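Undergrad: Encoded as structure tokens, here's the structure I'll be asking about.
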Amino acid sequence: MLKDLTVERFVREVASSSPAPGGGSVSAQAGSQAAGLLSMYCNLSQNREKLGDVVEVLQGIGEEARFLMSKMLEAIDEDTVAFNRVMEAYRMPKGSEEEKAKRKEAISEVGRYAADVPMHTTRGSLRVLTLINEAAGKGNPSAVTDLGVANLQALAALIGACYNVKINLDMIADRKAVTDLENEVDELLEQGRELYESNRKVLEKEIIEKPPQ
């Protein structure tokens, strides 16, 4: 499984001539890393003497971050599985009208799956950005740069996953489903960019004003 590879092996797989793993898997990886960094920030913010009751809030955020991390780690492999299924559908015979109809139906079906997988990454990444917004300024100031990188990774994951949703929409025969996905993608992109920018301002202000140790 891709998620079980070493970092070097995974990157080398991405760099090879094989079309998969590609941008969808890398987006899911970025999302999982963002969630992991958010979890770390929360884990490093457990000093109740200094932080008070906010520790419980950060514990809850950290728990959800670890759940999201696990789901997006799974999506690293799911995206490559989806790509391979798309390739299989396009290789189906199309000599007769019956074969063409079966092939078209198979492409539409797998196209929906190929759009749904990065859609999960998009939603997960938006949730990570939302949790960063809730955690920013509350935890250990020494870990604020880690939260800043999580913010960057989450936005990259969201935008990259949206690219991969959109590229698969032409395969789907159900035009209402396509319209619904397009509208959701546009809405999530707008929300994600707003959250990212809001988070960035808070985090960079904290980095600049970080008190001496």
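No value in this document is a laboratory result; all are computed from the given coordinates. A quick note: this is a predicted structure, and the numbers were derived from the prediction, not measured. Backbone-built Cβ (ideal geometry, glycine too); neighbour counts: all protein chains shown.
Undergrad: Scanning the range 23-57 for residues that are more than 14 Å from Ala156 (Cα to Cα) and within 21 Å of the chain's Cα centre (by Cα), which turns out surrounded by the fewest Cβ atoms within 10 Å (Cβ to Cβ)?
TA: Pass one, the range 23-57, residues more than 14 Å from Ala156 (Cα to Cα): 36-57.
This time we only want the ones that are within 21 Å of the chain's Cα centre (by Cα), so: 36-42.
On the way: Gly36: 20, Leu37: 25, Leu38: 32, Ser39: 21, Met40: 17, Tyr41: 29, Cys42: 27.
Restricting to residues being more than 14 Å from Ala156 (Cα to Cα) and within 21 Å of the chain's Cα centre (by Cα), the top hit is Met40.
Undergrad: Let me ask something else about it. Test Arg127 against the criterion of being in contact (Cβ under 8 Å) with a residue 12 or more places away in the chain and among the basic types (Lys, Arg), and give yes or no.
TA: Working: in contact (Cβ under 8 Å) with a residue 12 or more places away in the chain: yes; among the basic types (Lys, Arg): yes.
Spelling it out, Arg127 is indeed in contact (Cβ under 8 Å) with a residue 12 or more places away in the chain and among the basic types (Lys, Arg).
Undergrad: Select from the range 16-75 the residues that are touching a Gly at 6+ places or on another chain (Cβ under 7 Å) and of a type in the set (Ser, Thr, Tyr) and write down the one among them that is nearest to Ala143 (Cα to Cα).
TA: Per the criteria, the residue is Tyr41.
Undergrad: Pairs under 6 Å by beta carbon, first residue farther than 30 Å from Leu38 by Cα in the range 72-99, partner of a type in the set (Lys, Arg), six or more apart or different chains?
TA: The qualifying pairs are Met92/Arg103; Lys94/Lys100; Lys94/Arg103.
Undergrad: A further question follows. Taking Ala161 as the residue in question, decide whether it is surrounded by 13 or more Cβ atoms within 10 Å (Cβ to Cβ) and either within 14 Å of the chain's Cα centre (by Cα) or free of Cβ contacts under 8 Å to residues at least 40 places away in the same chain (or both).
TA: On the way: surrounded by 13 or more Cβ atoms within 10 Å (Cβ to Cβ): yes; either within 14 Å of the chain's Cα centre (by Cα) or free of Cβ contacts under 8 Å to residues at least 40 places away in the same chain (or both): yes.
It is true that Ala161 is surrounded by 13 or more Cβ atoms within 10 Å (Cβ to Cβ) and either within 14 Å of the chain's Cα centre (by Cα) or free of Cβ contacts under 8 Å to residues at least 40 places away in the same chain (or both).
Undergrad: To continue, here is another question. Of all residues in the range 134-151, which are surrounded by 17 or more Cβ atoms within 10 Å (Cβ to Cβ) and either closer than 25 Å to Glu184 by Cα or without any contact (Cβ under 8 Å) to a residue 12 or more places away in the chain (or both)?
TA: Answer for the range 134-151, where residues must be surrounded by 17 or more Cβ atoms within 10 Å (Cβ to Cβ) and either closer than 25 Å to Glu184 by Cα or without any contact (Cβ under 8 Å) to a residue 12 or more places away in the chain (or both): Ala150, Asn151.
Undergrad: Answer with yes or no whether Ala89 is under 21 Å from Asp174 (Cβ atoms), surrounded by fewer than 23 Cβ atoms within 10 Å (Cβ to Cβ) and out of contact with any helix residue (DSSP H, G or I) (no Cβ under 9 Å at 6 or more places or on another chain).
TA: On the way: under 21 Å from Asp174 (Cβ atoms): yes; surrounded by fewer than 23 Cβ atoms within 10 Å (Cβ to Cβ): yes; out of contact with any helix residue (DSSP H, G or I) (no Cβ under 9 Å at 6 or more places or on another chain): no.
Considered against the rule, which asks whether it is under 21 Å from Asp174 (Cβ atoms), surrounded by fewer than 23 Cβ atoms within 10 Å (Cβ to Cβ) and out of contact with any helix residue (DSSP H, G or I) (no Cβ under 9 Å at 6 or more places or on another chain), Ala89 comes out as no.
Undergrad: Restricting attention to the range 182-198, which residues are polar (S, T, N, Q) and more than 15 Å from Lys166 (Cβ to Cβ)?
TA: Residues of the range 182-198 polar (S, T, N, Q): 183, 191, 198.
Answer for the range 182-198, where residues must be polar (S, T, N, Q) and more than 15 Å from Lys166 (Cβ to Cβ): Gln191, Ser198.
Undergrad: Can you tell me which residue in the range 96-125 is farthest from Glu197 (Cα to Cα), limited to those that are buried (at least 22 other Cβ atoms within 10 Å of the Cβ) and of a type in the set (A, V, I, L, M)?
TA: Selected residue: Val110.
Undergrad: Go through (1) in contact (Cβ under 8 Å) with a residue 60 or more places away in the chain; (2) under 16 Å from Glu109 (Cα atoms) for Ala154 and report which single condition fails.
TA: Every listed condition holds for Ala154 apart from (2).
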